[in-house]
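To start, the structure itself, in structure tokens.
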Amino acid sequence: MAATMKILGIETSADETGVSLIEAEGSFDENFHFKILGNALASQIELHREYGGIYPNLAKREHAKALVPLLIDTLTQAGSLKKDEGPTFVKGLFHEILKKEPELLEALIPLLGSYERPQIDAIAVTVGPGLEPTLWVGINFARALSSAWNIPIVEVNHMEGHVVMPMMENGHFREFEFPTMALLISGGHTELVLSREFGKYERIGETRDDAAGEAFDKVARLLDLPYPGGPEISRLAAEARSRNLQPDFKFTRPMLRDDNFDFSFSGLKTAVRKLVESQGPTFKNSPRSDLEKFKMQIALEFEECVAETLVEKTLRAADEFDVDTIIVGGGVSANARIKELLANRMMQSAGPRRLLVTSPELATDNALMIALAGYFHAQRGEFTVSDSLVANGNLRLETLS
């Protein structure tokens, strides 16, 4: 049995700031188990709502503000914040690392000067993909902590976190077998990833333009719905189903019959825009009840179109590669209709037997998934020299292989 390790996870790839501390033991097998010692998350959704999407410079600033309070919260939950009389860091090196993050430096110095070094075996930090300005905040924070506390760092691919998180339940692995097919769907990503063992990935399909979550957001803006658009579209679609409001139009399921596993949602967004524009001035000047009904019908047909496309291509890919388990991760995995349709189709087929989906509260970006993915790399001794850490906004999951 491998030794127990405590892993601090740091996540700053987009508009959620996350810090988490776990204690884990075992390898990537049935003997693995973990417990959450502390977990904290700060969302920036309200701040970005007026922009209709993530504003990178604002996101970077908010990460710098949130990281130290979240670290304090996490360590307090874990009972790992213990008073000390003197500083525990090398001032010169520490200042050099955070010279481009003065606000973060100012907040962190009192913490390090007042409390003992916590019992942490490794720091796991997201290095990509994501927004590079925000990734750098988390990376430099991890480097500063590593320098101050003499703790090694393991770099984590954000998407691997979304693969690992659905595998977990109650501190253990859920039942599954390799090979797996992961459908990773979020605001920035839509891809199908084949894995025959942990850490070995092959991307077999991806979006050629808009990601699924991005398409939800863009269609929501066309309908004058607030950001983020996914929950708003789903809310209207659910209301349409409850009222049995069947639309008298139908959107083409993009690339559904193409002989590949790629996706494209830009054309679908354009179809919605043309439909809205075809209504002319009457769209926004219609009686409220008629306008809401029209929006519900669009939301219903759009959600069905996206769900059917994702599900059909995922199942075809799973059959092609003789997959036992389908994994669904990323923020859009919280969409109830996609999960329902995929589960129903799997029950009707002789293909994959198991479906692993992240719980809704952990579907969006968080540091717990980074700590978990990081543990398995730390357990293998796959540490990174602090100075070599680089933010890569376009980092691909298969580069781990």
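The values are calculated or read from the model by the stated rules, or taken from the named source; none is laboratory data. Source: prediction; values computed, not measured. Virtual Cβ from ideal backbone geometry, glycine too; neighbours counted across all protein chains shown.
Can you name every residue in the stretch 352-361 that is part of a helix (DSSP H, G or I) and buried (at least 19 other Cβ atoms within 10 Å of the Cβ)? Can you show your working first?
Kept after step one, since they are part of a helix (DSSP H, G or I), are these residues of the stretch 352-361: 360-361.
Once the filter is applied, which keeps residues that are part of a helix (DSSP H, G or I) and buried (at least 19 other Cβ atoms within 10 Å of the Cβ), the stretch 352-361 yields nothing.
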Test residue 207 against the criterion of being of a type in the set (S, T, N, Q), surrounded by 24 or more Cβ atoms within 10 Å (Cβ to Cβ) and at pLDDT 95 or above, and give yes or no.
-> no
Does the stretch 69-88 contain any residue that is crowded, with 21+ Cβ neighbours inside 10 Å, touching a residue at least 12 places away in the same chain (Cβ under 8 Å), farther than 30 Å from residue 197 by Cα and among the charged types (D, E, K, R)?
-> no
Exactly one of (1) under 28 Å from residue 130 (Cα atoms); (2) in a helix (DSSP H, G or I) is unmet by residue 76. Its number?
-> (1)
Contact list, first residue from the stretch 341-354 and at negative phi, second anywhere and of a type outside the set (A, V, I, L, M, F, W, C) and crowded, with 18+ Cβ neighbours inside 10 Å, beta-carbon distance below 8 Å, six or more apart or interchain, is 342/314; 346/352; 352/325; 353/325; 354/325
The condition from (1) of a type outside the set (Val, Ile, Thr); (2) buried (at least 22 other Cβ atoms within 10 Å of the Cβ); (3) touching a residue at least 60 places away in the same chain (Cβ under 8 Å) that residue 38 misses is numbered (3)
Just one listed residue, out of 114, 147, is of a type in the set (Ser, Thr, Tyr), surrounded by fewer than 24 Cβ atoms within 10 Å (Cβ to Cβ) and either farther than 19 Å from residue 73 by Cα or under 19 Å from the mean Cα position of the chain (by Cα) (or both), and it is 147
Here are some conditions: (1) under 26 Å from residue 232 (Cβ atoms); (2) of a type outside the set (Val, Ile, Thr); (3) modelled with pLDDT of 95 or more. Residue 14 meets all but one. Which one does it not meet?
-> (3)
Name every residue in the stretch 52-68 that is of a type in the set (Gly, Ala, Ser), part of a loop (DSSP other than H, G, I, E, B) and surrounded by 19 or more Cβ atoms within 10 Å (Cβ to Cβ), in order of residue number.
-> none
(1) surrounded by fewer than 24 Cβ atoms within 10 Å (Cβ to Cβ); (2) out of contact with any Lys or Arg (no Cβ under 6 Å at 6 or more places or on another chain); (3) touching a residue at least 60 places away in the same chain (Cβ under 8 Å); (4) not charged (D, E, K, R): which one isn't true of residue 4, the others all being true?
-> (3)
Among residues belonging to the stretch 100-150 that are assigned to a loop (DSSP other than H, G, I, E, B) and of a type in the set (Asp, Glu), point out the one that is farthest from residue 18 (Cα to Cα).
-> 116
Test: residue 351 is at pLDDT below 95, over 17 Å from residue 186 (Cα atoms) and not polar (S, T, N, Q) = yes
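Within the stretch 151-170, is even one residue of a type outside the set (Val, Ile, Thr), within 22 Å of residue 28 (Cβ to Cβ), assigned to a strand (DSSP E or B) and not assigned by TED's automatic domain parsing to the domain that holds residue 97?
Within the stretch 151-170, one or more residues are of a type outside the set (Val, Ile, Thr), within 22 Å of residue 28 (Cβ to Cβ), assigned to a strand (DSSP E or B) and not assigned by TED's automatic domain parsing to the domain that holds residue 97.
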Yes or no: residue 365 surrounded by 23 or more Cβ atoms within 10 Å (Cβ to Cβ) and part of a loop (DSSP other than H, G, I, E, B)?
-> yes
Within the stretch 338-370, the count of residues that are in contact with an Asp or Glu (Cβ under 9 Å, 6 or more places away or on another chain) and within 30 Å of residue 59 (Cα to Cα) comes to 9
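Among 234, 195, 242, which is the only one that is modelled with pLDDT of 95 or more, of a type in the set (Gly, Ala, Ser) and in contact with a Ser or Thr (Cβ under 8 Å, 6 or more places away or on another chain)? Show your work before the answer.
Numbers: 234 fails: in contact with a Ser or Thr (Cβ under 8 Å, 6 or more places away or on another chain); 242 fails: in contact with a Ser or Thr (Cβ under 8 Å, 6 or more places away or on another chain).
Of the residues listed, the single one that is modelled with pLDDT of 95 or more, of a type in the set (Gly, Ala, Ser) and in contact with a Ser or Thr (Cβ under 8 Å, 6 or more places away or on another chain) is 195.
From 258, 262, which residue is closer than 22 Å to residue 342 by Cβ, of a type outside the set (A, V, I, L, M, F, W, C) and modelled with pLDDT of 95 or more?
Testing whether each residue is closer than 22 Å to residue 342 by Cβ, of a type outside the set (A, V, I, L, M, F, W, C) and modelled with pLDDT of 95 or more leaves just 262.
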What is the one condition in (1) surrounded by 21 or more Cβ atoms within 10 Å (Cβ to Cβ); (2) among the hydrophobic types (A, V, I, L, M, F, W, C); (3) assigned by TED's automatic domain parsing to the domain that holds residue 275 that residue 373 does not satisfy?
-> (3)
A careful count of residues in the stretch 235-268 that are in a helix (DSSP H, G or I) and either surrounded by 20 or more Cβ atoms within 10 Å (Cβ to Cβ) or among the acidic types (Asp, Glu) (or both) gives 5
How many residues does the stretch 308-351 contain that are buried (at least 23 other Cβ atoms within 10 Å of the Cβ) and touching a strand residue (DSSP E or B) at 6+ places or on another chain (Cβ under 6 Å)?
-> 10
